[in-house]
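**Student:** First the structure, which I've put down as structure tokens, then a few questions once you've had a look.
The values are calculated or read from the model by the stated rules, or taken from the named source; none is laboratory data. Small disclaimer: the values here were computed from a predicted structure and weren't measured. FYI the Cβ positions are ideal-geometry reconstructions off the backbone, even for glycines, and counts take in every protein chain you see.
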Amino acid sequence: MHTLVDPWEAIDRWWPEALASEPDVPDAMQIATVGADGRPTLRTVLLKEFGPDVGFVFFTNYGSRKASDLAATGVCAALLHWKSLQRQVIAEGRVHRADASTSDAYFHTRPRGSQIGAWASDQSRGLSDRVTLERRVAEVEARYAGREVPRPPTWGGFHLVPDRFEFWQGRTDRLHERVEFTRTPTGWTRRLLYP
């Protein structure tokens with residue numbers, strides 16, 4: 001990490017180790033957003049793709065609270081935490097929706113039950129009881145029985161395009177290693193941070 005000058009190279013080095021050593025859901029990523037009212041919120045999504053050409057790609061219901069926050073502000077922060085490796089990656093930046101073909105392609109890789117659930121759930125809205133959700137699931141299952149489930153127009157992807165990264169490596173005596181990368185017009189600047 002001391003010699004790397006590009007944050008994407010750093011992620012490329014850490015990612016295979018996270019996949020090999022993190023026991024549960026190494027692609028779990030916490031997303032922090034702020035609504036138009038200035039109130040922050042946090043939740044976990046799955047990181048489905050990443051790289052300098054696409055940023056960090058994740059998917060959700062466009063009617064959810066996080067999607068509403070993203071529409072209001074156009075920014076978010078993301079955290080990947082790999083406890084088994086004592087590592088964290090923070091990414092901050094602008095967010096935009098994925099195009100329909102990207103959202104369609106990923107939606108069709110999801111298990112059928114998750115596809116059905118995307119239609120049945122009004123994510124983040126109030127639910128009177130579990131029976132209502134189960135009834136909606138049964139209705140969607142019946143509607144698409146024996147055929148492919150299309151992607152709902154209310155569901156799709158986002159690209160987080162980072163302009164700041166922080167890489168955190170746990171060390172003894174809480175003297176952790178922290179490296180910050182900030183995007184400039186000519187590339188990335190890098191500096192160490194106190195723990």
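**Student:** From the list E148, E92, which one is over 30 Å from W168 (Cα atoms) and either out of contact with any Gly (no Cβ under 6 Å at 6 or more places or on another chain) or not in a loop (DSSP other than H, G, I, E, B) (or both)?
**Tutor:** Of E148, E92, the one residue that is over 30 Å from W168 (Cα atoms) and either out of contact with any Gly (no Cβ under 6 Å at 6 or more places or on another chain) or not in a loop (DSSP other than H, G, I, E, B) (or both) is E148.
**Student:** When only residues in the range 109-130 that are part of a helix (DSSP H, G or I), touching a helix residue (DSSP H, G or I) at 6+ places or on another chain (Cβ under 6 Å) and of a type outside the set (F, W, Y) count, which is surrounded by the most Cβ atoms within 10 Å (Cβ to Cβ)?
**Tutor:** I116
**Student:** Name every residue in the range 60-71 that is farther than 9 Å from G35 by Cα and surrounded by 21 or more Cβ atoms within 10 Å (Cβ to Cβ), in order of residue number.
**Tutor:** Residues satisfying the conditions are T60, A67.
**Student:** Now for a different question. Assuming L133 fulfils every condition listed in (1) touching a residue at least 40 places away in the same chain (Cβ under 8 Å); (2) not in a loop (DSSP other than H, G, I, E, B) apart from one, which condition is it?
**Tutor:** Here L133 meets the rest and fails (1).
**Student:** Against the definition (among the β-branched types (V, I, T), surrounded by fewer than 15 Cβ atoms within 10 Å (Cβ to Cβ), more than 20 Å from F181 (Cα to Cα) and not assigned by TED's automatic domain parsing to the domain that holds L133), how does V45 come out, yes or no?
**Tutor:** So V45 fails the test.
**Student:** On the basis of being loosely packed, with under 13 Cβ neighbours inside 10 Å and among the aliphatic types (A, V, I, L, M), does A98 make the cut?
**Tutor:** The answer is no for A98.
**Student:** Could you pull out the residue among Y106, Y144 that is surrounded by 11 or more Cβ atoms within 10 Å (Cβ to Cβ), among the aromatic types (F, W, Y) and over 30 Å from K83 (Cβ atoms)?
**Tutor:** Just a single option satisfies the conditions, and that option is Y144.
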